[in-house]
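Please read the structure below before turning to the comments.
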Amino acid sequence: MRRLSLVVALAGAGLLVACGGGSTDTTPTSSVGTTNSITLTGVVAKGAALAGASVTAKCATGSTATPVTTGSTGSYTITITNGALPCVLEAVASAADGGMVLHSVAAPGATTTTANITPLTELLVAQLTGQDPAAYMTSAPASSLATAITPAKVGSAQTAVLGTLTAAGIDTSALSSASMLTGPLVAGSGTGYDGVLDTLAATLTTAGTTLTELTTTVANTSAGSQGSNTPVAESSNPLPANLLLLPQASNCEALRSTNYRLIKIASSANATDTSPFTATETMSINATTLTATFGDQSTMTLVANGNCRYTLPEGDAAVSPAGVMVIRHMVGADDDTVGTSDRGRYHLIVGLPVQSTLTVGDLAGTWNFMGMDREVTTIPVAGTATIAANGTITGGRCFENTLATADANCTPESGPFPTIAAHADGGFTLSSGDASDPWVDRIYAVKAGNGELMLLQINNFGEFSFGTRQRALPLPAVAASSTTYTVLVDPNLVAGPAMSSSSHTIASVDGSTVVRNSAAPGDAATHPETLVYNDARIGYLTRTGSATVRPFHALPLLGVGLTALYMPATAAAPAFFALSVRQ
């Protein structure tokens, strides 16, 4: 059996995520002349018309001298002398409508154009700019608008927003051939554009989500927001946008009614280096009834056992704040998706919400990895790799070194490197770049609501690693508390006898050294643990060992609420990999 492909490939053979229009009411007009002017018209609505709203515009050239006020149907007209498109617009509702603030854009085109301002255009601006729409309205230089707001980019943003809403079960067919910005909008009709707004409002209410939360998530996960190297705070783990619109479990905001891809940390059936990866299946969750339905239509009931934790018929599960499920469950003796040697055992199973919009380009960047190789358990699979936008692995380091080795002192890897490509069944393939040593692994990804991605790479022999973008770990605040649920995996990929839980409170932070007080259920008192953040390598941390504390190395999977850990072997116990869910 070969070693884990990501490791071996890097070692030399390769590498070691309503509204009104057409109104007849007279509306105020802002104008400072009649030559070289542009005119913006439209409807401001949230479902019902937002009468009495104050509308302003900032354009590539010119802006409103004074706001205009919408009429009884929400309609407005703004004329700007010596103005030039494109523009970004803001509408502030009256006190009677709660002071709701919405935004929109007007793309280049005719000197008279329509720009509706609705919750849908709020989402469009977030998708288009990758920013909070209010912040964009305030801070975007007028000189930047011509590049940022083009018909093509606006069209792509609308397609992405409609895709998010459709994935959440919202019927957007009324806008399939109409623009959110310029399409006909009749307030209170309950049909067409107005009907989509009404459905969105009802869906947000049912899901317990606000438009502000949804807008923030759309901005964070849009293409315009990518590329930042800013560390993500440990508490920043929002759900993906489409999950925010789905029904949630009564004991867990993060568990929504959606489809999951289950990846079993086990060997595939009839495993060879190039055979199809089979240790996976799909599961549909009804969060309201806590029922799981599998591809063969068999069902399973989840029994709530605390916050985002569940007891299963033959195991247990926990859900991260980003909606990722960590499951410890018996793999049946008749489960033909896994190799015969891994049947009839408890295994770690990772459930990823199905996301169909991730592309190879989303994986571009530098990544840290941590996992376990069945054949080499004296050190974890832990190293850094760089992925190009076309899926080519362009380099890596540290996979042959211990985690005590500083990044600058790590051994660089040489090619030929493997490549990543989209897979028809979802996720990606990782294929050898060495024709003399062919192999194909799978990579699965999930994007959290803050834009961060997590990768899970696994080969046909069950050897695996988790990946997160290389970031300096942010330090926690003193007195911050959390609870973790953890599944242990031994070198044979057998999961531990139970999912453990621990509570933690940060006692002190001194430079990169953090002391936390921890306790397991039933402990008479807490015990101190010392963690060193960004120890030796950026993005990793170490727990210092003592007479009562077992040391470990860890890779927090930023933005997802999970941590991958490796516990070195001791005289009394083998090495363990662990996956921990933080609540």
Inset, instruction - Would you point out the residue of segment 182-216, among those that are touching a Pro at 6+ places or on another chain (Cβ under 8 Å) and under 15 Å from Leu120 (Cβ atoms), that is surrounded by the most Cβ atoms within 10 Å (Cβ to Cβ)? - result: Tyr193
Inset, instruction - Would you be able to tell me the number of residues in segment 282-292 that are under 21 Å from Ala207 (Cα atoms) and surrounded by fewer than 18 Cβ atoms within 10 Å (Cβ to Cβ)? - result: 5
Legend entry - Matching option when the condition is of a type in the set (Ser, Thr, Tyr), touching a His at 6+ places or on another chain (Cβ under 8 Å) and assigned to a loop (DSSP other than H, G, I, E, B), among Thr570, Thr548, Thr542: Thr548
Inset, instruction - Would you point out the residue of segment 357-405, among those that are among the aromatic types (Phe, Trp, Tyr) and within 26 Å of Asn492 (Cβ to Cβ), that is surrounded by the most Cβ atoms within 10 Å (Cβ to Cβ)? - result: Phe369
Legend entry - segment 532-552 residues that are on the phi < 0 side of the Ramachandran plot, paired with ones that are among the aromatic types (Phe, Trp, Tyr) (beta carbon under 6 Å, 6 or more apart): Leu541/Tyr533; Arg543/Phe552
Inset, instruction - Would you be able to tell me the number of residues in segment 514-531 that are of a type in the set (Ser, Thr, Tyr) and on the phi > 0 side of the Ramachandran plot? - result: 0
Inset, instruction - Go through segment 157-181 and give me each residue that's part of a helix (DSSP H, G or I) and either surrounded by 15 or more Cβ atoms within 10 Å (Cβ to Cβ) or not polar (S, T, N, Q) (or both). - result: Ala157, Gln158, Ala160, Val161, Leu162, Gly163, Thr164, Leu165, Ala167, Ala174, Leu175
Inset, instruction - Considering only segment 316-361, state which residues are more than 28 Å from the chain's Cα centre (by Cα) and of a type in the set (Lys, Arg). - result: Arg343, Arg345
Inset, instruction - Could you list, in sequence order, all residues of segment 406-432 that are in a loop (DSSP other than H, G, I, E, B) and crowded, with 18+ Cβ neighbours inside 10 Å? - result: Cys410, Glu413, Gly415, Phe417, Pro418, Gly427, Ser432
Inset, instruction - Considering each of Ala322, Ala304, Ala279, Ala254 in turn, give the residue that is over 25 Å from Gly169 (Cα atoms), small (Gly, Ala, Ser) and either surrounded by 22 or more Cβ atoms within 10 Å (Cβ to Cβ) or at pLDDT below 95 (or both). - result: Ala279
Inset, instruction - Look at Thr563 and say whether it is surrounded by 23 or more Cβ atoms within 10 Å (Cβ to Cβ), in the same structural domain as Met499 (by TED's automatic domain parsing) and not in a loop (DSSP other than H, G, I, E, B). - result: yes
Legend entry - All positions within segment 491-521 that are farther than 17 Å from Asn307 by Cα, at pLDDT 95 or above and not aliphatic (A, V, I, L, M): Thr505, Ser508, Asp510, Gly511, Ser512, Thr513, Arg516, Asn517, Ser518
Inset, instruction - Filter segment 267-292 for residues that are farther than 24 Å from Ala333 by Cα and part of a loop (DSSP other than H, G, I, E, B) and give the result. - result: Thr274, Ala287, Thr288, Thr289, Leu290
Inset, instruction - Scan segment 240-263 residue by residue and report those that are touching a helix residue (DSSP H, G or I) at 6+ places or on another chain (Cβ under 8 Å) and either farther than 24 Å from Thr205 by Cα or of a type in the set (D, E, K, R) (or both). - result: Arg256
Inset, instruction - Could you list all residues from segment 481-506 that are crowded, with 16+ Cβ neighbours inside 10 Å and of a type in the set (A, V, I, L, M)? - result: Val487, Leu488, Val489, Leu493, Val494, Ala495, Met499, Ile506
Legend entry - Checking Gln127 against (1) touching a Leu at 6+ places or on another chain (Cβ under 9 Å); (2) modelled with pLDDT of 95 or more, the condition it does not meet: (1)
Inset, instruction - Please list, ordered by first then second residue, the pairs with beta carbon atoms under 7 Å, 6 or more apart or interchain, first in segment 327-349 and closer than 14 Å to Pro313 by Cα and in the same structural domain as Leu255 (by TED's automatic domain parsing), second surrounded by 19 or more Cβ atoms within 10 Å (Cβ to Cβ) and hydroxyl-bearing (Ser, Thr, Tyr). - result: Arg328/Tyr346; His329/Tyr346; Met330/Tyr346
Inset, instruction - Please work out which residue is nearest to the chain's Cα centre (by Cα), limiting yourself to segment 106-135 and to residues that are more than 16 Å from Leu162 (Cβ to Cβ) and crowded, with 24+ Cβ neighbours inside 10 Å. - result: Thr129
Legend entry - Residue check for Ser104: within 26 Å of Gly130 (Cα to Cα), at pLDDT below 95 and either in contact with a helix residue (DSSP H, G or I) (Cβ under 9 Å, 6 or more places away or on another chain) or among the acidic types (Asp, Glu) (or both): no
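The values are calculated or read from the model by the stated rules, or taken from the named source; none is laboratory data. What you are looking at is a predicted structure, and each value in this text was computed from that prediction instead of being measured. So basically every Cβ, Gly included, is an ideal-geometry build from the backbone, and we count neighbours across all protein chains shown.
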